[in-house]
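The values are calculated or read from the model by the stated rules, or taken from the named source; none is laboratory data. The structure displayed is predicted, hence computed values, not measured ones. Here the Cβ positions follow ideal geometry from the backbone for every residue, glycine too, while neighbour counts run over all protein chains shown. Surface areas here come from the heavy atoms of the whole protein model, side chains and all, with no ligands, DNA or RNA. Shrake-Rupley method; radii C 1.70, N 1.55, O 1.52, S 1.80 Å.
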Amino acid sequence: MSTQISVRLPDHLVSFLDSLVSNGSAKSRAEAVAHALEREERRLIGLADVEIVRHRGPDPDLDAVAEYLALHPVAFED
């Protein structure tokens with residue numbers, strides 16, 4: 001399900017959206033905006049996770065995962 005909304009954006013951001021569409025990075029302005037908002041949502045969830053770990057203190061399991069990932073970088077696709 002989706003809901004249509006109207007937003008006002010600065011001209012430079014509209015130009016950026018249009019460039020994403022014209023170069024094939026997004027199918028539409030709406031897709032580009034949705035993608036950006038989803039990325040921001042993931043970022044905020046990640047920050048909340050960091051705060052949880054910060055308050056709980058060290059976790060040997062998470063430390064092991066971090067060490068592994070430092071040696072074996074993972075490429076994430078959007």
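A quick yes/no check of all residues on (1) closer than 23 Å to Phe76 by Cβ; (2) part of a helix (DSSP H, G or I):
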{"site": "Met1", "(1), (2)": "no, no"}
{"site": "Ile5", "(1), (2)": "no, no"}
{"site": "Arg8", "(1), (2)": "no, no"}
{"site": "Leu13", "(1), (2)": "no, yes"}
{"site": "Phe16", "(1), (2)": "yes, yes"}
{"site": "His35", "(1), (2)": "yes, yes"}
{"site": "Glu40", "(1), (2)": "yes, yes"}
{"site": "Arg43", "(1), (2)": "yes, yes"}
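Taking residues in the range 4-18 that are within 10 Å of Val33 (Cβ to Cβ) and modelled with pLDDT of 95 or more, and partners anywhere that are in a helix (DSSP H, G or I) and open to solvent by 70 Å² or more (accessible area, probe 1.4 Å), the pairs with Cβ atoms closer than 8 Å and at least 6 places apart or on different chains are Leu17/Arg29. Scanning the range 18-33 for residues that are open to solvent by 60 Å² or more (accessible area, probe 1.4 Å), among the polar types (S, T, N, Q) and assigned to a loop (DSSP other than H, G, I, E, B) yields Asn23, Ser25. Among residues of the range 54-78 that are open to solvent by 100 Å² or more (accessible area, probe 1.4 Å), none has a beta-carbon under 9 Å from a residue that is in a loop (DSSP other than H, G, I, E, B) at least six positions away or on a different chain.
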